[in-house]
1. Over the chain, calculate the relative contact order: mean separation of alpha carbon pairs under 8 Å at least 6 apart, over the residue count, as a percent.
2. Using a Gaussian network for the chain with springs between C-alpha atoms less than 10 Å apart, which of these wobbles most: 182, 230, 197?
3. Could you give the Stokes-Einstein D for the chain in µm² per second, using the C-alpha Kirkwood radius, 10 °C, 1.306 mPa s?
4. Which angle between 0 and 90 degrees, to the nearest 10, do you get for helix 47-56 versus the longest principal axis of the chain when only C-alpha atoms count?
5. Would you mind getting me the FRET efficiency between residue 122 and residue 21? Use the beta-carbon distance for r and R0 = 25 Å, nearest 0.05.
6. Place the peptides 134-147, 204-217 in order of packing, highest mean first, counting for every residue the other Cβ atoms within 10 Å and averaging per peptide.
7. Please compute the alpha carbon radius of gyration of the stretch 1-153, then divide it by the globular-protein estimate 2.2 N^0.38 Å. Two decimals is fine.
8. Hey, what number do you get for the chain at 222 nm if only DSSP H runs of n ≥ 4 count, each worth -39500 (n - 2.57), divided across all residues, to the nearest 500?
Ligand SMILES: [Mn+2]
């Protein structure tokens, strides 16, 4: 079986065996993935945003009635023992427990916390994937490693290798997140599967946030093109505003291209003029200034960026994004992208 056939069969099996939950316009979900919690030491990538993560869950999502979906790679079990992680991150498990006690927590397995499936010393029910049924359409939530035979078959052996080989050298969370070609293959296979099945997939794993199958660079380019097209027929007062918006988007595009690794800039992944908006990615919790998440609320899906204003003011100054402060903290919530699920599904139906 070649890789692509394997990948489709593997995702199809996962999809068919997914538990299904009904999603209505009254429901609220927040999806985080890729925390990679370690032992709190120097090579624990989670340390940087851990305080923000706990406070955002406890003071923002919990009181607002959200159900929390943790979409894989919560613990970094390929480099740390579960005991050392539990010992250091009690505050994180406490906040998970808040949601769990009210039946508002779903934990999905990833490749870095896969070993939990064979462990007894934790209290989580673990799922491989989860389907949301929304007005006859399906949102398919899974971590994303399932596209690769390597992870499915040899995950256990790989984990042992990483734990015993890489930790002494202080290697940070490695694997797919940092390899652009692996990331590309994961995204491509999830995209192909989702557009063929006409489902909306939500993954993590590659650490790159995606909204409607587009990266940030793709989104900015599309938006600039759309505004340019609007410009000639807009009235004079509107033209000025369009010009300002184009300039801000161009500045941001330059910024992203200068500051983010080259893989994040790979655009037009799918060699198509019409991108089917079937693939979303919650990104990760490990960003330098913040973390990303996907929210589903009132029949809409949004890509959210939570950041620490004391570490970077970029999004506070950028009028293209709505930001809101969390209480009197230095944490801010910015809505990067937002769209209605009905509109997204009608485009998936029409374009794929
Ligand atoms: Mn992963």
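Each value in this text was obtained by applying a stated rule to the coordinates, not by laboratory testing. Note that the coordinates shown come from a computational prediction; the quantities given were computed from them, not determined experimentally. Positions of Cβ are backbone-derived with ideal geometry, glycine not excepted, and every protein chain shown enters the neighbour counts.
1. Relative contact order comes out at 21 percent.
2. Highest fluctuation of the listed residues: 230.
3. Answer, rounded: 76 µm²/s.
4. The angle comes out at about 70 degrees.
5. E between residue 122 and residue 21, to the nearest 0.05, is 0.65.
6. Order by mean packing, descending: 204-217, 134-147.
7. Relative to the rule-of-thumb radius for its length, the stretch 1-153 sits at 1.09.
8. About -12000 deg cm²/dmol.
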